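The structure under discussion appears below in the form of structure tokens.
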Amino acid sequence: MIDTNTGEAVVFWICAILSVLGAVGLITSRKAVHSALWMALTMVTLAVLYIANAAPFLGMVQIIVYTGAVMMLFLFVIMVVGVDASDSLIETIKGQRWAAVLLGAALMLIMVWGLGSALAGIPATGLEFANRQDGGNVQGIAHLIFTDYLVVFEVTSALLITAALGAMVLAHREHWKPKPTQEELSKARFLGEEHPGNRPNPGIYARHNAVDTPALLPDGTPTELSIPGPLRARGDIAPVDIEDVHAIEEADSL
């Protein structure tokens with residue numbers, strides 16, 4: 001048996017509770033963004049547990065690669081592409097939900113069986129002893145990956161590549177219409193109801209530069225096109241001060 005001090009126990013129970021809460025929040029959240037954030041919490045707490053158990057390489061990889069890169073990439077894709085709640089109700093492959101339930105149950109049984117086999121009758125030695133066998137944490141992981149777990153490592157790599165390709169296929173959107181050319185965009189701009197060119201700046205006359213003051217056309221008449229749309233909709237347009245206009249005309253004539 002390995003003695004556990006108070007600090008290790010406190011770190012374990014705090015990280016264990018937070019990781020379980022993150023996993024539960026991942027499953028129960030109704031929004032994909034919230035699920036991704038809960039997953040990030042679980043990954044960070046697991047990284048703290050790795051570091052506390054003398055596995056700094058695994059802890060840093062968990063934070064830098066999975067939490068900082070992969071998980072944040074998923075979060076950005078979800079925020080940019082968007083996920084509609086109605087999308088999850090459409091099954092593109094029949095029976096995929098039942099297959100997911102069966103595979104999840106099988107994975108749970110394998111995990112319970114594997115943990116039980118690993119813990120039954122084997123004394124705990126700790127990672128410090130395991131690290132000394134190969135000269136360090138990184139060397140020990142490399143030795144296991146490229147010897148005992150080489151096939152599992154390659155299968156996991158293929159699975160990650162397949163998942164990346166699947167994400168690209170799901171994020172792809174077909175264009176029902178060809179992309180408009182620059183000529184078509186220019187014609188639509190000038191044939192539309194909106195003002196085709198740059199609008200006159202608001203309040204350009206005399207001593208006024210307020211945004212609700214209309215600009216004056218060359219003939220001296222005000223134009224409401226210079227006023228922002230929200231102000232025009234509310235009717236917040238300042239009247240043109242005719243006296244100031246006459247004063248400017250007299251000053252220009254001098």
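Only the coordinates and a few stated rules stand behind these numbers; no lab work does. From a predicted model like this one, the values you see are computed outputs, not experimental measurements. Quick reminder, even Gly has a Cβ in these numbers, built from the backbone with ideal geometry, and neighbours come from all protein chains shown.
As an exercise, use a Förster radius of 51 Å and the Cβ-Cβ distance of residue 165 and residue 217 to find the FRET efficiency, rounded to the nearest 0.05.
Once the sixth-power term is evaluated, E becomes 0.30.
Once the mean of 1/r is taken over each pair of separate Cα atoms and inverted, segment 153-197 shows a Kirkwood hydrodynamic radius of 14.4 Å. The Cα-based radius of gyration of segment 127-173, divided by its Kirkwood radius, gives an Rg/Rh of 1.29.
Restricting to Cα pairs below 8 Å that are 6+ residues apart, what does the relative contact order work out to for segment 1-83? Please round to a whole percent.
Details: 72 pairs, mean separation 21.9, N = 83.
RCO, segment 1-83: 26 percent.
Taking other Cβ atoms within 10 Å as a rough exposure proxy, 14, 27 sort from fewest to most as 27, 14.
How long are the semi-axes of the equivalent ellipsoid of segment 1-83, taking √(5λ) for every eigenvalue λ of the Cα gyration tensor, in whole Å from largest down? Numbers along the way, then the final one.
Working: eigenvalues 158, 46, 7 Å².
Working through the eigenvalues yields semi-axes of 28, 15, 6 Å.
With 0.36 nm allotted per residue and the present C-alpha distance subtracted, the residue 243-residue 130 stretch has 31.6 nm of extension available.
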